[in-house]
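Here the structure comes first, spelled out in structure tokens, and everything after it is commentary.
The values are calculated or read from the model by the stated rules, or taken from the named source; none is laboratory data. None of these values were measured; they are calculated from a predicted model. Heads up, the Cβs are rebuilt from the backbone with ideal geometry, glycines too, and the neighbour counts pull from every protein chain shown. Note: accessible area is taken over every heavy atom of the protein model, side chains too, but ligands, DNA and RNA are not part of it. Shrake-Rupley method; radii C 1.70, N 1.55, O 1.52, S 1.80 Å.
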Amino acid sequence: MMQARVLKQVSATISGSGTVDGVIILVGVLVTVMYFVFTRQHTGTWGKAAVAGRYFMMIFFGATFAYTVMSRMALLIGRLEFLLSDWLGVM
């Protein structure tokens, strides 16, 4: 059960990246999972790892939101360029 559910997923998580990237991803995944374990109190080393997991999630969600905003801005700039140059002939 452990092999099928946990170890294969962890190996698939780090298989597509380099050595340093794989270690960072592995640590990020483990501390993020530790954040969602509510059967233990978040004190001591466990609590510090849970806080690190929260920071990993904050970084991930911030980067995902920034990517979404930047892609929408690129689409807006492309549409404005089309409207001002090709359609209206202002530029």
Look through region 23-54, keep the residues that are of a type in the set (Ser, Thr, Tyr) and farther than 19 Å from residue 13 by Cα, and return whichever of them is modelled with the lowest pLDDT.
39
Name the residue that is farthest from residue 26 (Cα to Cα), counting only residues in region 39-71 that are open to solvent by 70 Å² or more (accessible area, probe 1.4 Å) and among the aliphatic types (A, V, I, L, M).
70
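Yes or no: region 72-89 includes at least one residue that is assigned to a loop (DSSP other than H, G, I, E, B) and either open to solvent by less than 80 Å² (accessible area, probe 1.4 Å) or within 28 Å of residue 24 (Cβ to Cβ) (or both).
yes
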Among the candidates 10, 29, which residue alone is at negative phi, touching a Leu at 6+ places or on another chain (Cβ under 8 Å) and assigned to a helix (DSSP H, G or I)?
10
Does region 69-88 contain any residue that is within 23 Å of residue 9 (Cα to Cα), out of contact with any helix residue (DSSP H, G or I) (no Cβ under 7 Å at 6 or more places or on another chain), of a type in the set (Ser, Thr, Tyr) and without any contact (Cβ under 8 Å) to a residue 12 or more places away in the chain?
no
